[in-house]
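Data first, discussion second: the structure below is written as structure tokens.
Since every read-out is calculated from the coordinates, none of them should be taken as a lab result. Note that the structure is predicted; figures quoted are calculated from it, not measured. No Cβ is skipped: glycine too gets one built from the backbone with ideal geometry, and neighbour counts run over all protein chains shown.
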Amino acid sequence: MIPDKAPKEDVFHCPENLKEESHIPSFEKYKEEYIRSIENPDEFWGAIAKDFFWKTKHTGRFLEYNFDVTKGEIFIKCMEGATTNICYNLLDRNVHDKKLGDRIAFFWEGNEPGDELTVTYGELLQRVCQFANVLKSLGVKKGDRVSIYMPMVVELVVAMLACVRIGAVHSIVFAGFSSESLCERIIDSQCSLLVTADGFYRGDKLINLKFLADEALQKCREKGFPVKKSIVLKHLSKEPEEVVGSQSPPAKRSCPDLELHWNPDVDLCWHTLMKGASDQCEPEWCESEDPLFILYTSGSTGKPKGVLHTVSGYLLFVATTFKLVFDHQPDDVYWCTADIGWITGHSYITYGPLANGASSVLFEGLPTYPDMSRMWAIVDKYRVTKFYTAPTAIRMLMKYGSEPVQRYTRKSLKVLGTVGEPINPEAWQWYYSVVGEGRCPVVDTFWQTETGGHVLTPLPAATPMKPGSATFPFFGVVPAILNDSGEELEGPSEGYLVFKQPWPGVMRTVYGNHERFETTYFRKFPGYYVTGDGCRRDEDGYYWITGRIDDMLNVSGHLLSTAEVESALVEHKAVAEAAVVSRPHPVKGESLYCFVTLTDGATYNATLEAELRKQVREKIGAIATPDYIQNAPGLPKTRSGKIMRRVLRKIACGEKDMGDISTLADSGVVDELYRNRCCTTA
Ligand code: WTA
């Protein structure tokens with residue numbers, strides 16, 4: 001599966017100086033280790049596990065599993081019998097055993113330049129213990145779910161690790177999601193407590209997060225699920241006497257415009273609670289397969305799925321992928337620009353870097369604020385060595401040319417990474433040659449919320465790169481490409497990307513719905529985990545992701561299901577039916593093109609269109625705002641009433657050749673929709 005020799009042409013090789021310090025310095029070494037990871041997983045992962053603390057050792061095999069629905073229930077168990085605590089491994093082990101208490105865990109860089117803080121491993125441990133005691137004092141116990149809805153502040157990491165310390169399960173909801181989405185997630189995971197903040201700035205826009213959180217809690221009450229307490233961090237409205245620890249709040253963050261409604265029955269002030277809390281807290285020792293966290297991802301039925309990850313396997317997998325994919329070295333400063341509300345932030349801002357004792361930048365703001373140079377200003381300010389971002393950000397910055405990049409030296413950079421969607425070769429080339437000046441390998445990491453960590457990825461000093469290809473599998477991962485009949489294809493081929501066996505970090509279930517887990521990932525092709533992505537393998541064995549092949553869209557690296565946007569649209573009284581398809585977008589990758597059929601008597605006009613956009617934003621969040629909405633008096637349907645999305649996709653893209661439409665009940669609607677198609681966005 002992996003070629004005997006690295007290809008010679010059309011590839012970019014790693015600079016020699018990186019190889020000298022690298023963990024995996026050559027393609028030969030990668031192949032050797034890869035084979036070992038597949039042939040002898042117990043030995044491979046067992047050696048890695050030795051770097052971590054286990055209260056009790058595992059018994060039996062490293063991984064036990066069933067990946068075949070025809071043979072019974074799907075399960076994956078890693079290191080059964082072992083007990084540990086991830087928070088202990090991320091913090092206590094680094095502070096006490098490795099003597100890294102004074103090492104900086106995070107350089108926090110606020111939205112406003114100049115607004116900054118540093119937090120050492122020692123300080124982080126103290127604060128996490130304090131907050132863990134706060135959670136305990138509120139009755140939170142092992143296994144309880146806690147919902148976290150916060151901006152990118154250090155306290156978000158504190159809240160998540162405090163849950164981990166006491167064995168509670170965090171469910172983080174991205175602060176860009178609507179109150180409706182938060183409510184849905186709180187109820188699905190039956191959270192007993194919410195941790196949130198007053199508000200934050202995104203660029204120059206003030207977001208009143210507490211208002212959204214209050215709305216969500218009100219909706220929960222209306223649906224018969226009252227959340228008893230909500231802890232509110234005063235990020236913008238903190239009084240000087242509420243400050244805990246040595247850092248004082250920079251004046252720029254005070255915000256007189258923020259209106260806060262305090263509900264004394266529910267709301268508790270983070271700062272008041274922390275003041276009285278002890279900074280000593282014995283960790284709760286957890287079983288390997290105890291739940292660690294739930295993170296929601298879009299599902300093709302429209303209802304988000306609570307992806308569940310568990311303790312030991314996730315720890316080993318994110319720690320190892322972080323170390324090898326970014327070739328982590330002790331003097332690195334690492335920066336991942338994702339939000340912790342997504343899996344990239346979970347695995348590669350919190351868990352992976354802290355497990356390796358890394359120093360990271362935690363950035364609250366936007367790449368475009370106050371100007372197009374912000375990223376590179378931050379790179380120079382902290383001398384960032386490893387930088388990880390999304391293709392959509394690269395494409396957006398690319399539009400402004402190289403001048404904003406060249407205002408800064410970026411000379412500290414060694415490795416560049418991307419994640420979230422396929423990167424087009426032009427964006428890859430720009431990233432590699434303008435941002436990295438041809439010195440830094442680009443690691444195009446393919447993975448999913450479900451996979452926990454990187455599954456197809458180059459290793460910076462080992463893998464010759466091809467722009468746009470996620471290259472080869474990470475250790476322990478066995479990919480295959482299947483055709484429509486579920487047959488494995490050999491050699492150069494294209495089809496469904498699947499995985500043949502589990503690796504330690506793969507999800508264990510959909511929270512509260514194991515049936516849905518099996519149906520979504522394992523029923524289509526028994527014996528395989530189905531990613532939902534299409535993939536091509538070239539003559540050199542390189543994997544190229546071709547995009548989703550289910551009803552999902554990837555807008556700026558965020559997955560959305562067509563069904564969830566459609567159901568948000570049809571909740572408007574003027575809409576009888578809606579069909580949403582993807583249209584390629586130069587910056588966002590894909591954009592949402594929505595066809596709506598109105599109810600009798602409703603009229604299509606600009607006001608309605610604005611209302612529909614607002615409706616989707618309020619139901620899901622700003623990331624789901626439709627780019628195009630077209631009035632569709634009729635939709636192309638087969639005689640059995642199924643909407644032919646293939647035809648709608650062509651109309652959305654302005655393609656005239658519709659292919660075979662002989663099965664349509666009324667082919668006349670196609671011409672009409674094509675004539676009235678939208679050409680410009682709102
Ligand atoms: C897409 C994000 C191509 C893919 C970590 C996947 C990618 C989905 C890449 C998961 C990549 C992610 N190349 N496509 N390097 N990385 N994707 O769950 O469609 O938010 O299935 O996890 O993003 O999105 P998710």
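Place a +1 charge on the Cβ of each Lys and Arg in the chain and a -1 charge on the Cβ of each Asp and Glu, then give the dipole magnitude about the Cα centre in debye, rounded to the nearest 20.
460 debye
List the trypsin sites (Lys or Arg not before Pro) within region 389-483 that fall in a DSSP loop (any state other than H, G, I, E or B) and whose Cβ has at most 12 other Cβ atoms within 10 Å.
Here the sparse-neighbourhood loop sites are K399, K411.
Which value at 222 nm does the chain reach when only helices count, each DSSP H run of 4 or more adding -39,500 (n - 2.57), with the total divided by all residues and rounded to the nearest 500 deg cm²/dmol?
-7500 deg cm²/dmol
Mind giving me the FRET efficiency for D10 and E259? R0 is 45 Å, r the Cβ-Cβ distance, nearest 0.05 is fine. Walk me through the intermediate numbers first.
Details: r = 57 Å, r/R0 = 1.27.
The formula returns an efficiency of 0.20 here.
Please return the longest stretch of the chain lacking exposed loop sites, where GluC sites (Glu not before Pro) count only if DSSP places them in a loop and at most 16 other Cβ atoms lie within 10 Å.
Longest run free of exposed loop sites: 81-258.
How about region 355-396: which chymotrypsin sites (Phe, Trp or Tyr not before Pro) there lie in a loop by DSSP and see at most 14 other Cβ atoms within 10 Å?
Hits after loop and neighbour filter: nothing returned.
Evaluate the distance, in nm, between pseudo-label points positioned 7 Å from the Cα of E28 and of E518 along their respective Cα→Cβ axes.
Distance between the two pseudo-spin positions: 4.8 nm.
Taking every DSSP beta bridge that has both residues in the chain, what percent is antiparallel when rounded to the nearest 5?
Close to 60 percent.
Nearest 0.05, what FRET efficiency do E239 and F75 give at R0 = 45 Å with Cβ-Cβ as r?
In this case the efficiency is close to 0.35.
For region 293-392, which trypsin sites (Lys or Arg not before Pro) are both in a DSSP coil and crowded by at most 12 other Cβ atoms within 10 Å?
Numbers: sites: K305, K323, R374, K381, R383, K386; in loops: R383.
Sites meeting the loop and neighbour criteria: none at all.
In whole Å, how far is the Cα centre of region 419-491 from that of region 296-348?
For region 419-491 versus region 296-348, the Cα centre distance is 16 Å.
Assuming 0.36 nm per residue, please report the length gained on full extension of the stretch S300 to A622 beyond their Cα-Cα distance. Display every interim value, and only then the final one.
Details: separation 322, 0.36 × 322 = 115.92 nm, distance 1.93 nm.
Computed gain between S300 and A622 is 114.0 nm.
Taking 0.36 nm per residue of separation and subtracting the Cα-Cα distance, what length does fully extending L138 through A47 add? Please report the intermediate quantities before stating the final value.
Numbers: separation 91, 0.36 × 91 = 32.76 nm, distance 3.94 nm.
Between L138 and A47, full extension yields an extra 28.8 nm.
Taking the Cβ-Cβ separation of D331 and L206 as r and a Förster radius of 35 Å, what is the calculated FRET efficiency to the nearest 0.05?
For R0 = 35 Å, the calculated efficiency reads 0.40.
Give, in nm to one decimal, the length gained when the segment between R36 and Y604 is fully stretched (0.36 nm per residue of separation minus the Cα-Cα distance). Mind showing how you got there, number by number?
Working: separation 568, 0.36 × 568 = 204.48 nm, distance 6.22 nm.
Residue separation times 0.36 nm, minus the Cα-Cα distance, leaves 198.3 nm.
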